[in-house]
Amino acid sequence: MIMKKTIVKFLAAAFFVACATVSNAQDVCKSNPLQCKILEDTANVKMVLITLKPGEKLVTHTHPWNFGYVLKGGLYKWTYTDGKTESAQMKEGDHFAGAPEGTHHSWNGGNTTIQFVLYEKQD
């Protein structure tokens, strides 16, 4: 487990070193304090633990450059303000990375608890 954590931290650091300037974002943890636990908040990177029970939602938020690692998988869905909806069947051990995202809300569309570590590049 320590090796996994070290690898994930290294990958996240490498990802953010390569990233350019980020857009201003509505902080996911400030918008969703019950589902989001800040694990680390440095000058350049915020690492948070997101936990969503079945049917649980994250209210409207945005993201700067980000990278994540799935601890507990499930069906994750999100809808943008323009009405476009997307989904992903996340599995334990999956990872993801993305450019800054526009305003959206997301939720657990499945019947298992979803949990992932999200790293966000800070201004």
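The values are calculated or read from the model by the stated rules, or taken from the named source; none is laboratory data. None of the values given here were measured: they were computed from a predicted structure. Cβ atoms come from the backbone with ideal geometry, glycine included; neighbour counts cover every protein chain shown.
Assorted remarks:
- Flag if Glu92 is of a type in the set (Asp, Glu) and under 21 Å from Lys30 (Cβ atoms): no
- Against the test of being surrounded by 15 or more Cβ atoms within 10 Å (Cβ to Cβ), over 13 Å from Asn32 (Cβ atoms) and charged (D, E, K, R), the options Lys121, Lys91, Lys84, Lys72 yield a single qualifying residue, Lys121.
- Listed by first and then second residue, the pairs linking a residue in region 38-49 that is closer than 12 Å to Pro64 by Cα to a residue that is modelled with pLDDT of 90 or more and exposed (fewer than 15 other Cβ atoms within 10 Å of the Cβ), with Cβ atoms under 9 Å apart and 6 or more places separating them unless they lie on different chains, are Lys46/Ile38; Lys46/Leu39; Lys46/Glu40.
- Number of positions in region 50-71 that are part of a strand (DSSP E or B), closer than 17 Å to Tyr119 by Cβ and without any contact (Cβ under 8 Å) to a residue 60 or more places away in the chain: 9
- Residue list for region 32-65, filter: out of contact with any Lys or Arg (no Cβ under 9 Å at 6 or more places or on another chain) and either buried (at least 19 other Cβ atoms within 10 Å of the Cβ) or of a type in the set (S, T, N, Q) (or both): Thr42, Leu52, Leu58, Thr60, Thr62, His63
- Ala14 vs. criteria hydrophobic (A, V, I, L, M, F, W, C), in a strand (DSSP E or B) and either touching a helix residue (DSSP H, G or I) at 6+ places or on another chain (Cβ under 7 Å) or modelled with pLDDT under 95 (or both): no
- The one condition in (1) part of a loop (DSSP other than H, G, I, E, B); (2) in contact with a helix residue (DSSP H, G or I) (Cβ under 7 Å, 6 or more places away or on another chain) that Ala97 fails to fulfil: (1)
- Residues (in contact (Cβ under 8 Å) with a residue 40 or more places away in the chain and in contact with an Asp or Glu (Cβ under 8 Å, 6 or more places away or on another chain)) located in region 72-101: Lys72, Gly73
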